[in-house]
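The values are calculated or read from the model by the stated rules, or taken from the named source; none is laboratory data. Here the structure is a predicted model, which means the values were calculated and not measured. Neighbour counts run over all protein chains shown; Cβ positions are idealised from the backbone, glycine included. The accessibility values were calculated without ligands, DNA or RNA, using every heavy atom of the protein model including side chains. Shrake-Rupley method; radii C 1.70, N 1.55, O 1.52, S 1.80 Å.
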Amino acid sequence: MDASDAAGVLTEVLATEDQIRSRLAELAGQIAIDYADTAADLLLVGVLKGAVMVMADLSRALPFSVEMDWMAISSYGSGTRSSGVVRILKDLEVDLSGRHVLIVEDIIDTGLTLSWLVSNLESRGPASVRVCTLLRKPDAATLDVDVRYVGFDIPDAFVVGYGLDYAQQFRNLRCVGTLDPAAVTG
Ligand code: IMP
């Protein structure tokens, strides 16, 4: 789905494909500097399924080889707000002892999912846990979690594209935007 497909799906584009690519390149540059001495111990942890696109593009923008692992957690229920109840559907395969963990997220809304994830991973003995997210909604700014790398701060609206879904649809849209209600009714 390219930009022309977004016309019938989105009311507004919040981040274009080009903007996402260049912002992720900036974040990767910062991450490369911050982890220059510890790159061998760096582990990118992606949260399925939304973070797939961010992980693919962020990791490929890094100038060194990096290990990746994935978790699947369920926290969203059937509505559009986080429930705060988190269940592990798929756990990591890697032992976190002594690793520098960088959680790669698509979006932080209430931050409930992330707070749970950070404390869960911290309990496994890593050298550090930091967070990189492509998108952050306003409520997340009050969070007591170190979100070190943020792509874009966006308004409090439901967005889809670039990994983010509504009812498992629209993840393959290349940009991120607010969903047109007409696209999901009727
Ligand atoms: P939180 O616990 O409220 O921060 O919610 C985090 C998770 O909810 C994200 O990883 C997404 O899977 C999902 N989510 C939050 N906001 C949106 C959105 O605007 N569109 C699609 N999914 C969202």
Next on the checklist: Step by step: first the residues of region 102-134, then only those that are part of a helix (DSSP H, G or I) and away from the ligand (no atom under 14 Å from the Cβ), then the one that is least open to solvent (accessible area, probe 1.4 Å). Which residue is that?
Outcome noted: Leu121
Item to check | Scope region 45-60; condition touching a residue at least 12 places away in the same chain (Cβ under 8 Å) and away from the ligand (no atom under 16 Å from the Cβ); matching residues | outcome: Asp57, Ser59
Next on the checklist: Checking the conditions here, which among Thr142, Thr113 is among the hydroxyl-bearing types (Ser, Thr, Tyr) and touching a Phe, Trp or Tyr at 6+ places or on another chain (Cβ under 9 Å)?
Outcome noted: Thr113
Checklist entry - For region 123-156, which residues satisfy the criterion of being within 25 Å of Gly98 (Cα to Cα) and among the β-branched types (Val, Ile, Thr)? => result Val129, Val131, Thr133, Val145, Val147, Val150
Checklist entry - For region 135-156, does any single residue satisfy the condition of being aromatic (Phe, Trp, Tyr) and near the ligand (Cβ under 10 Å from one of its atoms)? => result no
Item to check | Single unsatisfied condition, Ala28 versus (1) within 16 Å of the ligand (Cβ to nearest atom); (2) outside any loop (DSSP other than H, G, I, E, B) | outcome: (1)
Checklist entry - Which ones in region 28-44 are open to solvent by less than 10 Å² (accessible area, probe 1.4 Å) and in contact (Cβ under 8 Å) with a residue 40 or more places away in the chain? => result Ile31, Tyr35, Leu42, Leu43, Leu44
